[in-house]
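Since the structure comes first, as structure tokens, the remarks are kept for the end.
The values are calculated or read from the model by the stated rules, or taken from the named source; none is laboratory data. Being a predicted model, the structure only gives us computed values, none of them experimental. Glycine also receives a Cβ, built like all others from the backbone with ideal geometry; neighbour counts cover every protein chain displayed.
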Amino acid sequence: MGIIRKDLKLTSKQRVIKALRKEPVDRVPVCLWMHPDTTYALMNYFELSIDQLNDLMFQDVRQIWINNNYAMEGIVHTYEGEGHVDDWGIEWVKQHGFNQIKKSPFKDLLAKDVTEKAFPYEKLGELMQPMDKLAEKSENYYLGCDISPCAFELFSRLRGMEEALLDLILDPEGASFAIARCLDFSFFLAENALRSYPLDWLWTGDDVAGQQGMLMSPDIWRQMIKPGLKRIFSLAKEHGVSVAYHCCGALRPIIPDLIDIGLDVLHPIQPNCPGMDPKSLKREFGKDLAFIGGLDTQDLIPNAPAHTVKLETEKLIEIMTSDGGGYILAASHTVPPETPLKNIFAIYEAIGFSEEYLLDTATTLRKN
């Protein structure tokens, strides 16, 4: 399972489970989300494969996408401007290192046209396939399956963001119908994943907030999205699996609702957004939630001196584990490619791994 420090007694799986239960751990668990170009830079620096790099960087959680996020993040193009059309009919093109939507298949139609036929139910085997190899790591690593985007975010990809937002106001019946179809497909994927793999958590998500606030009113979210999410969350709980939820931005108004329907872990905590200060979130919701994220990727990680990154990482860990645990170390978004490698190493130094240690370990991994 890779190289670990001799003073680390827990497997990654044990470590995450204990941390989420707020029990003592040998170090804070890590799940550092990297921009693809950042990953390549680290692979080149250490001369390692992607699997070896994950071991080196102590990635305690192992998961992969099976819903439309695979089309956005799992399909990697070499050059800017390259693209593909996914199984939903969404056209993607690589821009600034990420796949971005070029054309939405229902942009010129109506929300009510987003029926079951818009979803690749017949491609279940292909969609689930990436989980097969990952599941082999379930004994030692905390295993997740990502079925996001679950609701509005998938609707907005199919319909176009502007059209989807207008539908919420001008055609609420059509929007509610389409979002329900998105949730039905997410439930279908969750049901199959939970039945097929030894999951530790089901990773859900739906970007319904922006940098300054919600993209829709909380009441609209409660009417159109909350019931379907509750159905998915309840399914995971029936299988004895925890629920993680991803939403970028300022989603604080709906955090109590997410707790109400059974959320266990919230990601990614963007600290620069209104209401998303980690200390405040921990104080108000730490009794009911565990958190993953919080290291600012807009300014701190790419721009601050390495010693500041280390100090802020230490402060964040102290805040988020003030009640004994309930925290997994991660960034507030992907670690951007302009980040100096020394700043990434500063994050690891804060949890006891120096750059020298990582280099020595990389040498050992290359020999194995």
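Taking the criterion of being part of a helix (DSSP H, G or I) and under 16 Å from Gln129 (Cα atoms), the residues of segment 187-209 that qualify are Phe188, Leu189, Ala190, Glu191, Asn192, Ala193, Leu194, Arg195, Ser196.
For segment 257-279, the candidate set comprises residues that are aliphatic (A, V, I, L, M) and closer than 16 Å to Arg231 by Cβ; within that set, the residue that is surrounded by the fewest Cβ atoms within 10 Å (Cβ to Cβ) is Ile261.
Residue by residue, here is whether (1) under 27 Å from Glu91 (Cβ atoms); (2) touching a helix residue (DSSP H, G or I) at 6+ places or on another chain (Cβ under 9 Å); (3) not hydrophobic (A, V, I, L, M, F, W, C) holds:
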residue	(1), (2), (3)
Lys117	yes, no, yes
Glu139	no, yes, yes
Glu153	yes, yes, yes
Gly174	yes, yes, yes
Phe177	yes, yes, no
Arg181	yes, yes, yes
Ser186	yes, yes, yes
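Out of all the residues in segment 127-143, which are farther than 24 Å from Val30 by Cβ and either in contact (Cβ under 8 Å) with a residue 12 or more places away in the chain or small (Gly, Ala, Ser) (or both)? Hits for segment 127-143 are Leu127, Met128. Of the helices (runs of 4 or more DSSP H) lying entirely inside segment 236-325, those containing at least 1 residues that are more than 19 Å from Lys22 (Cβ to Cβ) and in the same structural domain as Leu341 (by TED's automatic domain parsing) are 300-303, 306-320. Against the list (1) farther than 29 Å from Pro218 by Cα; (2) out of contact with any Leu (no Cβ under 7 Å at 6 or more places or on another chain), the condition His333 fails is (1). The condition of being buried (at least 21 other Cβ atoms within 10 Å of the Cβ), over 19 Å from the mean Cα position of the chain (by Cα) and closer than 27 Å to Asp219 by Cβ holds for only one of Leu158, Leu165, Leu183, that being Leu158. Over 21 Å from the mean Cα position of the chain (by Cα) and assigned to a loop (DSSP other than H, G, I, E, B) - does that describe any residue in segment 338-350? Yes: one or more hits. Can you say whether Trp92 is crowded, with 16+ Cβ neighbours inside 10 Å, in the same structural domain as Gly205 (by TED's automatic domain parsing) and touching a Leu at 6+ places or on another chain (Cβ under 9 Å), as far as the supplied structure shows? So Trp92 does not fit the description; no. Looking at segment 324-353, which of its residues are polar (S, T, N, Q) and at pLDDT 95 or above? Correct list: Ser332, Thr339, Asn343.
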